[in-house]
Amino acid sequence: MDTVLSGIRSTGNLHLGNYYGALRNFIRMQHENNCFFFIADYHSLTTQPDPKTLHENVKEVLCEYLAAGIDPNIATIYVQSDVKEVIELYLMLNMHAYMGELAKTTSFKEKARKQPENVNAGLLTYPTLMAADILLHNADKVPVGKDQEQHLEMTRRFARRFNNFYGVDFFKEPQAYNYGHELIKIPGLDGSGKMGKSEGNCVYLCDEPKVIEKKMMKALTDSGPTEMNSVKPEYIENLFTILKVVSTPDTYDYFNEEWNKCEIRYGDLKKQLAADVIKVTTPIRERYNEISNDKAYLHKVVTEGAEKARASALKTIVPVREIMGFKPF
Ligand code: TYM
């Protein structure tokens, strides 16, 4: 049985990119694997160190995990900061992570550009903390979206480096995973780039149907193709990428044909997209509203999750201490 682990930063509500990139895969995997899904609240500090919203953000993500279908009786759901062993492993891995390679990471360069007033060391060592999350449970598979590929590559490098340096065969080399398919990138609704919390181009899992319809209707289009079978411009291709994940193959083929014949009606395409997104998100939104006030249930989920995650973390951190030479007197 493989160990599967993934997490999402607690920086606000989850969107379609989070769902199709990570969450949905995880939900499908939970039945056949030893699964850990956590809320990355330490990671959220690199961009948003706001004590007033930290807890509420963690709670939102927790409720969205549960509402989307992670079953805490099967999988382990936990809050990253409840398992302090991750900090110890982060520190240890940092001693084998080099300034040059960390500064070259795409996510670091992007964040440093976006928040030049706050290029902190946590941002630089973001990939080491992520590697610590993964290696803490010696995970085999990590369901993530395309944007995390480089972080997984670094995790494997850190694992290999540790094994080589100490002459052991301790850490496995985890793989980014998308249920047998390529990793995906869900585009935003603004024509280019990926759907992302900080981009303002998201459809959220908890958006009301009216909001989803409005967002879809506003998506960028043009006056339509003028040549049969022409290549789609990026902003149209993006709508088809979303259609591919939310709709049936027949629906996708229908609109694709309409495009090829130059008969596409964007209004119909957007209505279809809105209807199919609403179909996927409605049960999640409804369940979210049911559980978000159930304090006792949420408390039970995170308490039991932390216990299970800590037991698993100890199986890694105790031997790692020994391998590195820490001994009790
Ligand atoms: P975060 O919070 O940015 O995103 C969480 C997950 O959602 C995926 N994702 C997307 N997938 C496809 N299309 C998109 N537009 C899109 N936007 C987001 C991300 O790929 C990710 O899988 N570093 C991670 C959190 C993390 C983590 C970990 C993940 C911390 N430790 C250990 C896995 C294992 C992050 O920032 O994700």
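Across all directions, the shadow cast by the convex hull of region 209-289 built on its C-alpha atoms averages 5.3 square nanometres. Remark: spin-label model distance His31-Met95 equals 4.5 nm, labels positioned 7 Å along the Cα→Cβ axis.
Helix 234-246 and the longest principal axis of the Cα set of the chain meet at an angle near 70°. The 3J(HN,Hα) values that the Karplus relation (6.51, -1.76, 1.60; θ = phi - 60°) gives for region 99-111 are, in residue order, 2, x, 5, 5, 5, 8, 4, 4, 5, 5, 4, 5, 5 Hz. Gly and Pro appear as x. Counting only alpha carbon atoms, the long axis of helix 266-291 and the longest principal axis of the chain meet at about 40°. Counting only Cβ charges, +1 for Lys and Arg and -1 for Asp and Glu, the dipole size of region 209-289 around its Cα centre is about 580 debye. Placing +1 on the Cβ of every Lys and Arg and -1 on the Cβ of every Asp and Glu, with nothing else charged, gives the chain a dipole about its Cα centre of roughly 680 debye.
Working from Cα pairs under 8 Å separated by at least six residues, relative contact order for the chain is 23 percent. Each residue of region 308-314 was assigned a 3J(HN,Hα) from its phi angle through the Karplus curve 6.51 cos²θ - 1.76 cosθ + 1.60 (θ = phi - 60°); the sequence is 5, 5, 5, 4, 5, 4, 5 Hz, with glycine and proline shown as x.
Helix 54-68 and the longest principal axis of the C-alpha atoms of the chain enclose an angle of approximately 60°. Between the exposed loop cleavage positions of the chain, defined as GluC sites (Glu not before Pro) in a non-H, G, I, E, B DSSP state with at most 13 neighbouring beta-carbon atoms within 10 angstrom, the longest gap is 33-181. Amide H to amide H distances under 5 Å link Gly7 with Phe38, where only residues 5 or more positions off or on other chains count and H is placed in the peptide plane. Amide H contacts of Ala176 (H built 1.01 Å from N, in plane; Pro and chain starts excluded): Val142 sit under 5 Å, all sequence-distant by 5 or more or on other chains. Summary value for region 209-289: 46 percent relative contact order, contacts being C-alpha pairs under 8 angstrom separated by 6+ residues. The string of couplings for region 247-264 from the Karplus curve (6.51, -1.76, 1.60, θ = phi - 60°) is 10, 7, x, 4, 5, 4, 4, 4, 5, 5, 4, 4, 4, 4, 8, 6, 10, 5 Hz, one whole number per residue in order, with x for Gly and Pro. Binning the alpha carbon pair distances of the chain at 10 angstrom intervals from zero yields the distribution 5, 24, 32, 23, 11, 4, 1, 0, expressed in whole percent. Label-to-label distance for Glu290 and Glu88 is 4.0 nm, based on points extended 7 Å past Cα in the beta-carbon direction.
Read-outs: derived from the displayed coordinates by stated rules, not from any lab. These numbers were taken from a predicted model, which means no experiment stands behind them. Glycine gets a Cβ as well: all are built from the backbone with ideal geometry, and neighbour counts include every protein chain shown.
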